[in-house]
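The values are calculated or read from the model by the stated rules, or taken from the named source; none is laboratory data. Keep in mind that what you see is a predicted model, and the values were worked out from it rather than measured. Note that we place each Cβ from the backbone using ideal geometry, even for glycine, and neighbour counts take in every protein chain shown.
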Amino acid sequence: MYKNDLQSFCRFYKGETVCPFKDGDKQMFWLCEKWWTEQTELASDAGCERIAPILKEYTNAGLSNFEMYDGVPITLKAVLFNRYCKYAERTDIEGFKDLYQSTYIKG
């Protein structure tokens with residue numbers, strides 16, 4: 001998949017080299033989308049090896065069916081969940097769902 005195609009799934013990252021956001025949540029979203037785009041664009045074993053454990057963590061948390069029809073790829077949601085838990089320093093499924101629905105989706 002090409003970078004422009006991947007960016008069409010992003011709400012914050014539009015190909016910039018420097019994050020344009022000052023808000024902490026938006027910075028996190030931008031960084032996650034940028035990393036996800038770069039890894040997915042690789043379409044190689046290296047990119048898959050980096051995203052696969054994150055996707056496994058997401059599905060193990062019971063989030064496989066979370067917001068299935070919102071147009072955001074599950075691998076991107078998994079990256080957002082991974083970073084959210086890392087910054088929160090704990091696995092907080094309900095906190096992630098709330099942030100995703102109240103802040104990420106609404107942009």
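A few points about this structure:
- The lone exception for F66 - which of (1) assigned to a helix (DSSP H, G or I); (2) out of contact with any helix residue (DSSP H, G or I) (no Cβ under 6 Å at 6 or more places or on another chain); (3) of a type outside the set (D, E) it fails: (1)
- Residue list for the stretch 80-91, restricted to those being more than 13 Å from the chain's Cα centre (by Cα), in contact (Cβ under 8 Å) with a residue 24 or more places away in the chain and in a helix (DSSP H, G or I): Y87
Quick grid of which residues meet (1) in contact (Cβ under 8 Å) with a residue 40 or more places away in the chain; (2) under 10 Å from the mean Cα position of the chain (by Cα); (3) buried (at least 19 other Cβ atoms within 10 Å of the Cβ):
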residue: K14; (1), (2), (3): no, no, no
residue: F29; (1), (2), (3): yes, yes, yes
residue: T40; (1), (2), (3): no, no, yes
residue: Y69; (1), (2), (3): no, no, no
residue: L76; (1), (2), (3): yes, yes, yes
residue: F96; (1), (2), (3): no, no, yes
residue: S102; (1), (2), (3): no, no, no
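- When the stretch 1-40 is limited to residues that are over 25 Å from F96 (Cβ atoms) and assigned to a helix (DSSP H, G or I), the one that is modelled with the highest pLDDT turns out to be D5.
- Options E57, E49: the member that is charged (D, E, K, R) and under 15 Å from the mean Cα position of the chain (by Cα): E57
- Only one entry of E94, E57 meets the criterion of being in a helix (DSSP H, G or I), touching a helix residue (DSSP H, G or I) at 6+ places or on another chain (Cβ under 7 Å) and at pLDDT 95 or above, and that entry is E57.
- Residue that is farthest from G24 (Cα to Cα) [pool: residues in the stretch 78-94 that are among the basic types (K, R) and loosely packed, with under 13 Cβ neighbours inside 10 Å]: R90
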